[in-house]
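The values are calculated or read from the model by the stated rules, or taken from the named source; none is laboratory data. All of these numbers come straight from a predicted model, not from anything done at the bench. Here the Cβ positions follow ideal geometry from the backbone for every residue, glycine too, while neighbour counts run over all protein chains shown.
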Amino acid sequence: MKTLSLKSWGHLPALAWTAAFFVLPLIAMLLMSLSERIEGRITLTWTFANYQAFLTKAEGTFVGALINSVEVTLLTTVLSVLVAYPLAYILAYRIPRQWQRLVLVLTVLPFWTSYVIRSYSWLLVLSENGIINQSLLELGLLSEPVGMGNSRFATVLGFVHFFAMLLTLTIYANLVQIKESYRKAAADLGANSLQTFWHVTLPLSLPGVAVGAFLTFVLAIGDYITPQILGGSKELLLPQAVMLQLGRQADFPLASALSMVLMLVVTAAFLLSARHLKMGRV
Amino acid sequence: MVGRFASWAYLGIALLFIFLPVLVLIQFSFQGGMAPVPPFDGPSLRWWAKVMANRKITDGLWNSLLVGLGSAFMATVLGFLAAYAMARKRRRLSGLYQFLLMAPITVSYLIIGMGLQIFFNHLGIGKSLWVIGIGHVVINLPLTFAILYSQLGEHQANIERAAYDLGASDARVVLEITVPMLWPSLLAAFFIAATLSWDEFVIAFLLSRFDVTLPVVIWSMLRSGLSPELNAAGTLVFGISILAVALVELLLWRARRNRA
């Protein structure tokens with residue numbers, strides 16, 4: 001009986017699931033990226049042609065897409081941290097304890113709307129007949145509408161909207177764990193509030209920033225929806241390039257190679273930030 | 001550090017930024033005319049009536065609920081079993097197992113979806129709601145595992161030990177002590193997983209052909225441009241997500257109150 005105890009086998013179903021439906025598909029994709037289409041049939045030929053295509057094909061469109069993706073993602077991550085940190089700080093230290101949870105939940109409520117709808121709803125705000133243009137026209141501040149959709153600005157705005165909420169959650173979770181006595185001790189030792197923040201609160205809250213920023217990076221760089229809806233197709237990001245290969249061309253080998261490059265970038269980001277990531281803390 | 005006034009001002013501006021698109025969406029779902037954007041000439045329920053009569057949307061709604069609840073149930077059960085086994089018994093390979101279980105969180109949904117598409121295609125398994133559900137379990141398992149693992153600490157272990165000392169069997173301890181003790185967290189994990197699956201687009205898009213989920217329906221409606229009907233459909237999805245979140249908060253609040 002002892003060997004059948006849940007303690008000894010409970011982890012196996014989840015591991016099997018992850019192995020079968022996560023690890024194997026990734027291996028299948030890796031093999032696919034080393035295959036080529038010969039007369040419409042996909043054959044594993046252990047070729048690097050798809051990776052070469054990534055570097056050279058279509059005047060560097062794919063490399064360009066990768067650079068666009070990294071730029072947009074970095075900009076998004078930095079801006080989201082800048083928007084979220086003060087918000088999390090105010091929630092943690094300015095709102096009375098018993099109201100904090102409620103205010104936090106209300107603040108990040110739109111976090112739970114679906115990705116498609118959240119991006120789409122920004123079109124109602126930004127487009128030429130959206131509410132910003134209409135308001136400015138009515139106030140006489142504009143003589144003709146300015147389209148703000150279909151641009152990198154719109155993509156970054158849509159991203160920052162979502163990820164500022166995510167970062168508010170992770171930074172807040174970190175801030176409330178910092179013992180008040182640390183800040184009191186700093187004050188007793190003669191630090192003013194700015195010095196206390198700079199030398200005590202900020203360094204102690206960096207793990208929350210790191211976890212949130214890492215999640216932002218991973219989710220933003222792999223996202224197809226926001227750039228497709230808000231950015232349009234004027235400039236491609238890497239996930240849009242992947243979907244183009246999948247959809248119109250049905251070129252699975254090339255799409256797989258592009259995806260492997262995307263994964264490589266995320267892995268690099270993970271290794272660079274691994275030192276600061278303590279997932280368990282948040 | 002920041003003045004009181006500055007704090008409230010910042011909070012106000014941040015909330016405006018966060019809620020602006022959602023409020024516009026909700027308001028213009030009650031639009032009277034054909035235009036999805038200002039000027040507002042409602043309120044009217046005509047677009048809501050149209051959404052409710054749209055078979056594609058109602059079918060998508062049921063498909064999404066089915067996939068969401070089914071995959072969340074599976075993810076919660078697998079996550080609980082794994083969290084229990086990992087928290088109650090040290091293994092030589094514990095570190096590796098945890099790494100594997102958490103790994104899907106670092107991979108984009110697009111890549112997970114594409115991998116599954118290639119994998120199932122190779123096995124000759126067609127696209128269906130089942131396959132979407134499998135994908136959603138993959139993305140939610142790290143979350144349910146992490147949530148439940150964090151709730152299986154020393155405190156809970158001591159209570160279980162007391163039950164063992166009183167002669168309870170393994171199965172009885174799990175069913176009558178551990179599960180009831182974790183009940184709020186189990187439900188919270190379930191609803192978080194269900195909400196994420198309900199909203200998920202790219203995996204559902206890549207792995208569906210005929211039966212599609214609601215985000216995919218909305219995506220295809222979006223291709224023919226903005227419309228007040230789309231606003232109403234979006235508001236509906238938002239409303240259902242909010243209900244689930246409210247439920248989770250209520251459960252967590254009760255759990256905290258019971259512990260206190």
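Taking segment A:103-121 on its own, how many of its residues are within 9 Å of chain B (Cβ to nearest Cβ) and within 21 Å of A:Ser205 (Cβ to Cβ)?
5
Residues in segment A:8-22: is at least one surrounded by fewer than 21 Cβ atoms within 10 Å (Cβ to Cβ), free of Cβ contacts under 8 Å to residues at least 24 places away in the same chain and touching a Lys or Arg at 6+ places or on another chain (Cβ under 9 Å)?
yes
With a cut-off of at least 3 residues that are out of contact with any Asp or Glu (no Cβ under 9 Å at 6 or more places or on another chain) and surrounded by fewer than 22 Cβ atoms within 10 Å (Cβ to Cβ), name the helices (runs of 4 or more DSSP H) lying wholly within segment A:55-151.
Of the helices (runs of 4 or more DSSP H) lying wholly inside segment A:55-151, those with at least 3 residues that are out of contact with any Asp or Glu (no Cβ under 9 Å at 6 or more places or on another chain) and surrounded by fewer than 22 Cβ atoms within 10 Å (Cβ to Cβ) span A:97-107, A:131-138.
Identify, by number, the condition in (1) surrounded by 21 or more Cβ atoms within 10 Å (Cβ to Cβ); (2) at positive phi that A:Gly232 doesn't meet.
Condition (1) is where A:Gly232 drops out.
How about segment B:61-79: which of its residues are surrounded by fewer than 24 Cβ atoms within 10 Å (Cβ to Cβ) and farther than 25 Å from B:Phe238 by Cβ?
Hits for segment B:61-79 are B:Met74, B:Val77.
Going by the structure shown, is B:Ala204 surrounded by fewer than 22 Cβ atoms within 10 Å (Cβ to Cβ) and assigned to a helix (DSSP H, G or I)?
No; evaluated as a whole, the condition is false for this residue.
Among the residues of segment B:4-29, what is the count of those that are touching a residue at least 40 places away in the same chain (Cβ under 8 Å) and either among the acidic types (Asp, Glu) or within 10 Å of another protein chain (Cβ to nearest Cβ) (or both)?
4
When residues of segment B:152-171 are filtered for being assigned to a helix (DSSP H, G or I), closer than 22 Å to B:Pro184 by Cα and at pLDDT 85 or above, how many remain?
Residues meeting the conditions: 7.
Count, please, the residues in segment B:87-104 that happen to be closer than 20 Å to B:Trp183 by Cβ and within 7 Å of chain A (Cβ to nearest Cβ).
Of the residues in segment B:87-104, 1 are closer than 20 Å to B:Trp183 by Cβ and within 7 Å of chain A (Cβ to nearest Cβ).
Residue-wise test of (1) touching a residue at least 60 places away in the same chain (Cβ under 8 Å); (2) closer than 23 Å to B:Ile118 by Cα; (3) touching a Gly at 6+ places or on another chain (Cβ under 6 Å).
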residue	(1), (2), (3)
B:Arg209	yes, yes, no
B:Arg223	no, no, no
B:Ala233	yes, no, no
B:Phe238	yes, no, no
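Could you check how many residues of segment B:184-226 are within 22 Å of B:Trp47 (Cβ to Cβ) and of a type in the set (S, T, N, Q)?
3
For every residue, the table says whether it meets (1) charged (D, E, K, R); (2) within 12 Å of chain A (Cβ to nearest Cβ); (3) touching a helix residue (DSSP H, G or I) at 6+ places or on another chain (Cβ under 8 Å); (4) assigned to a helix (DSSP H, G or I).
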position	(1), (2), (3), (4)
B:Val174	no, yes, yes, yes
B:Val179	no, yes, yes, yes
B:Ser185	no, no, yes, yes
B:Phe190	no, no, yes, yes
B:Thr195	no, yes, yes, yes
B:Asp211	yes, no, yes, no
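Is there a residue being surrounded by fewer than 17 Cβ atoms within 10 Å (Cβ to Cβ), at pLDDT 90 or above and facing another protein chain (nearest Cβ under 9 Å) anywhere in segment B:30-49?
no
Determine, yes or no, whether A:Ser80 is among the hydroxyl-bearing types (Ser, Thr, Tyr) and facing chain B (nearest Cβ under 10 Å).
no
Quick one: what pairs do we get from segment B:86-105, first residue within 25 Å of B:His136 (Cβ to Cβ) and touching a residue at least 12 places away in the same chain (Cβ under 8 Å), second in a loop (DSSP other than H, G, I, E, B) and small (Gly, Ala, Ser), C-beta under 9 Å, 6+ apart or different chains?
Within 9 Å, the pairs are B:Met86/A:Gly10; B:Ala87/B:Gly153.
Does B:Ala82 satisfy the criteria of being crowded, with 18+ Cβ neighbours inside 10 Å, within 29 Å of A:Val266 (Cα to Cα), more than 7 Å from every other protein chain (Cβ to nearest Cβ) and in contact (Cβ under 8 Å) with a residue 12 or more places away in the chain?
no
How about segment B:105-150: which of its residues are more than 10 Å from every other protein chain (Cβ to nearest Cβ), more than 17 Å from the chain's Cα centre (by Cα) and more than 25 Å from A:Leu12 (Cβ to Cβ)?
Result: B:Gly124, B:Gly126, B:Lys127, B:Ser128.
Conditions tested, residue by residue: (1) more than 10 Å from chain B (Cβ to nearest Cβ); (2) out of contact with any Leu (no Cβ under 7 Å at 6 or more places or on another chain); (3) not β-branched (Val, Ile, Thr).
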| residue | (1), (2), (3) |
| --- | --- |
| A:Arg94 | no, yes, yes |
| A:Arg101 | no, yes, yes |
| A:Glu128 | no, yes, yes |
| A:Leu157 | no, yes, yes |
| A:Ile171 | yes, yes, no |
| A:Asn174 | yes, yes, yes |
